[in-house]
Amino acid sequence: MQLGYTILYVDDVGAALAFYERAFGFATRFAHESGDWGELDTGATTLAFCSRALLRQQGKTPAAPNPDSPSAEIALVADDVPGALARALQAGASLKQPVEHMPWGQTVAYVADPEGFWVELCTPVSLAA
């Protein structure tokens, strides 16, 4: 088994796709004409967006994320975390944690996207002591 994709439930799929293109440089791989589903080309695992309206039509009750009390995050690995952070902020992300160098050798920063989802910008985890 392998992780195929992560789906974020959003109010506006088109706006989410556009933000992630501007902020992180991903290209839209698929956007359904209904506006209820879209996918980004992010490498081996797809980042997808589904409208909360579609889920409500299906009898589900999706909740919006709370950027002040996150319950999950997506992590995007970058060689240049400060540069990635600057680009994300320029595109409209909200700063949650500035660049920090972790004791295990990883550099991280956190932003919230316009919907409130947390995005970790990070270098790969270094297991070297």
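Tell me which residues, restricted to the stretch 42-61, are surrounded by fewer than 16 Cβ atoms within 10 Å (Cβ to Cβ) and assigned to a loop (DSSP other than H, G, I, E, B). GLY43, ALA44, THR45, GLN58, GLY59, LYS60, THR61, listed by residue number. Selection of the stretch 77-129 for residues being polar (S, T, N, Q) and surrounded by 14 or more Cβ atoms within 10 Å (Cβ to Cβ) yields SER94, GLN106, THR107, THR123.
Looking at the stretch 90-129, which of its residues are of a type in the set (D, E, K, R) and over 16 Å from ALA64 (Cα atoms)? Hits for the stretch 90-129 are LYS96, GLU100, GLU120. Taking the stretch 97-129 as the range and being modelled with pLDDT under 95 and closer than 30 Å to GLY14 by Cα as the test, only PRO124 passes. For the stretch 43-72, a tally of residues being in contact (Cβ under 8 Å) with a residue 24 or more places away in the chain and among the polar types (S, T, N, Q) returns 4. Of everything in the stretch 64-83 that is among the aliphatic types (A, V, I, L, M) and part of a loop (DSSP other than H, G, I, E, B), the residue that is nearest to VAL99 (Cα to Cα) is ALA78.
Within the stretch 10-23, the set of residues being surrounded by 21 or more Cβ atoms within 10 Å (Cβ to Cβ) and out of contact with any Asp or Glu (no Cβ under 7 Å at 6 or more places or on another chain) comprises LEU17, TYR20, ALA23.
Test PHE30 against the criterion of being at pLDDT 95 or above and closer than 17 Å to VAL119 by Cα, and give yes or no. So PHE30 fails the test.
Exactly one residue among GLU39, GLU115, GLU21 is part of a loop (DSSP other than H, G, I, E, B), of a type outside the set (Gly, Ala, Ser) and either in contact (Cβ under 8 Å) with a residue 40 or more places away in the chain or touching a Leu at 6+ places or on another chain (Cβ under 9 Å) (or both), and that residue is GLU115. The set of residues in the stretch 2-18 that are in a helix (DSSP H, G or I) and among the β-branched types (Val, Ile, Thr) contains only VAL13.
The values are calculated or read from the model by the stated rules, or taken from the named source; none is laboratory data. Being a predicted model, the structure only gives us computed values, none of them experimental. No Cβ is skipped: glycine too gets one built from the backbone with ideal geometry, and neighbour counts run over all protein chains shown.
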